[in-house]
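One structure is given here, and the rest of the page talks about it.
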Amino acid sequence: MELKITCIPGDGIGPEIVAQAKKVLDKVGEVYGHRMHYTDILMGGASIDACGEPLTQEAIDTAKAAQAVLMGSIGGNTSTSPWYKLPPEKRPEAGLLRIRKELNLFANLRPAVLYEQLAAACPLKEEISSKGFDLLIMRELTGGLYFGERKTVTENGVRKAIDTLTYTEEEIRRIAIKGFDIAQKRRKKVTSVDKANVLDSSRLWRKVVEEVAVNYPDVTLEHMLVDNCAMQLVRDPSQFDVILTENMFGDILSDEASMVTGSIGMLSSASLNDTKFGLYEPSHGSAPDIAGQDIANPIATILSAAMMLRFSFDLDKEADSIENAVKSVLKAGYRTGDIYSEGMVKTGCNQMGDLICDYIK
Ligand code: IPM
Ligand code: MG
């Protein structure tokens, strides 16, 4: 099979981790008889430096012409980088928001899994972590506060900022359907998270989710308020299968969920639209402080490439081979600095990529 992939190396550690993911994909291609065709585009700070804006129309068109997009990370140090002296719509993050909107990537899947081999890194008490957990946050990605009208005005000498939170029933329905569909392939439980005790958008969210649930009698639905969910994630993450939630809540809860795994360098993500097209990226950021030192953990990006093979190309065997290779490398005791513990073998970014290639069968 011929695979047309657009890559966004991005900023910080982005280029080095994407290089490892390409290497692993090439190895998969060799073993399973596929050819990868990559086209790189600029986004974020790299694009600001080269083109004066965080994402060009040409880059968007290139992304649209591919079957999937594989991304590293974008952005720099928000206190020291000159990118953050620019107006908000010219900053690196604006590129990411624009590509999500332009490609209609409304469904953001963020798995948070406790890896057996890395259980010691989990910051929760052992009585909690020993139960293990494997949850998936299904975050709405193109609506809500992120894309509502916003402005800052001065009224009678007082500055006032306004952000609007809007959801239509269609926006809620399509993400709910994605959430229930994926729950059917997992442990068949959806926890819909909202703030229905305060917000109208959440009350509509709850109603529409219940309407969708009628078509999935085999899936258990529960509702949970977002503040309680934040608490439950550290009290007992094993209770969750699919957490279905709106954009802003999903942003916050997914950082929390990744932290409790103790290994954010391991977590992949996918942003999907209604077709097979998707954008795949690690859940972590661009870590500018360690960029270019060959010490970043490329595993989250490599696992994102596996998600890409699974969701955009229906190559399940190939995706399995990457996931198994990662497990084997961990089992053999290799660790990058972020997941290192005593007695293990410390490896750099590039070497980790090579090791995973060696284990692709
Ligand atoms: C994320 C990030 C982005 C978001 C930022 C960089 C705009 O935090 O992907 O979670 O808030 O969506
Ligand atoms: Mg975030």
Can you give me the ranges of the helices (runs of 4 or more DSSP H) entirely in region 216-320 with at least 3 residues that are more than 16 Å from ligand 2 (Cβ to nearest atom) and more than 19 Å from the chain's Cα centre (by Cα)?
226-235
Could you look through region 87-118, keep only residues that are away from ligand 1 (no atom under 16 Å from the Cβ) and in contact (Cβ under 8 Å) with a residue 40 or more places away in the chain, and pick out the one that is least open to solvent (accessible area, probe 1.4 Å)?
118
In region 131-178, how many residues are open to solvent by less than 60 Å² (accessible area, probe 1.4 Å), among the aliphatic types (A, V, I, L, M) and not in a strand (DSSP E or B)?
6
Can you give me the number of residues within region 248-261 that are in contact (Cβ under 8 Å) with a residue 60 or more places away in the chain and charged (D, E, K, R)?
1
Result of the Cβ filter at 6 Å on region 262-286, keeping first residues that are on the phi > 0 side of the Ramachandran plot and partners that are of a type in the set (Gly, Ala, Ser) and open to solvent by 10 Å² or more (accessible area, probe 1.4 Å), at least 6 apart or interchain, is 262/121
Examine region 189-196 for a residue that is out of contact with any helix residue (DSSP H, G or I) (no Cβ under 8 Å at 6 or more places or on another chain) and either modelled with pLDDT of 95 or more or farther than 23 Å from residue 244 by Cβ (or both), and state whether such a residue exists.
no
Selection over region 107-120 where residues are more than 16 Å from ligand 2 (Cβ to nearest atom) and either assigned to a helix (DSSP H, G or I) or touching an Asp or Glu at 6+ places or on another chain (Cβ under 9 Å) (or both) yields a count of 7
Here the residues within region 241-277 that are within 19 Å of residue 301 (Cβ to Cβ), within 12 Å of ligand 1 (Cβ to nearest atom) and of a type outside the set (A, V, I, L, M, F, W, C) are 254, 255, 258, 269, 271
Among the residues of region 322-335, is there at least one that is more than 18 Å from residue 139 (Cα to Cα), more than 15 Å from the chain's Cα centre (by Cα), at pLDDT 95 or above and hydroxyl-bearing (Ser, Thr, Tyr)?
yes
Going through (1) free of Cβ contacts under 8 Å to residues at least 60 places away in the same chain; (2) not in a helix (DSSP H, G or I) one by one, residue 341 fails only at (1)
Among the residues of region 127-142, is there at least one that is more than 30 Å from residue 329 (Cα to Cα), at pLDDT 95 or above and either more than 16 Å from ligand 2 (Cβ to nearest atom) or hydroxyl-bearing (Ser, Thr, Tyr) (or both)?
yes
Among all residue pairs at least 6 apart or on different chains, which show Cβ distances below 9 Å where the first residue, located in region 290-306, is open to solvent by less than 10 Å² (accessible area, probe 1.4 Å) and β-branched (Val, Ile, Thr) and the second is part of a loop (DSSP other than H, G, I, E, B) and modelled with pLDDT of 95 or more?
299/336
On the given criteria, is residue 144 on the phi > 0 side of the Ramachandran plot and either within 21 Å of the chain's Cα centre (by Cα) or within 12 Å of ligand 1 (Cβ to nearest atom) (or both)?
yes
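The values are calculated or read from the model by the stated rules, or taken from the named source; none is laboratory data. Treat the numbers as computed from the prediction; the structure is a model and nothing was measured. FYI the Cβ positions are ideal-geometry reconstructions off the backbone, even for glycines, and counts take in every protein chain you see. Quick note on the areas: whole protein, heavy atoms, side chains included, nothing else; ligands and nucleic acids left out. Shrake-Rupley method; radii C 1.70, N 1.55, O 1.52, S 1.80 Å.
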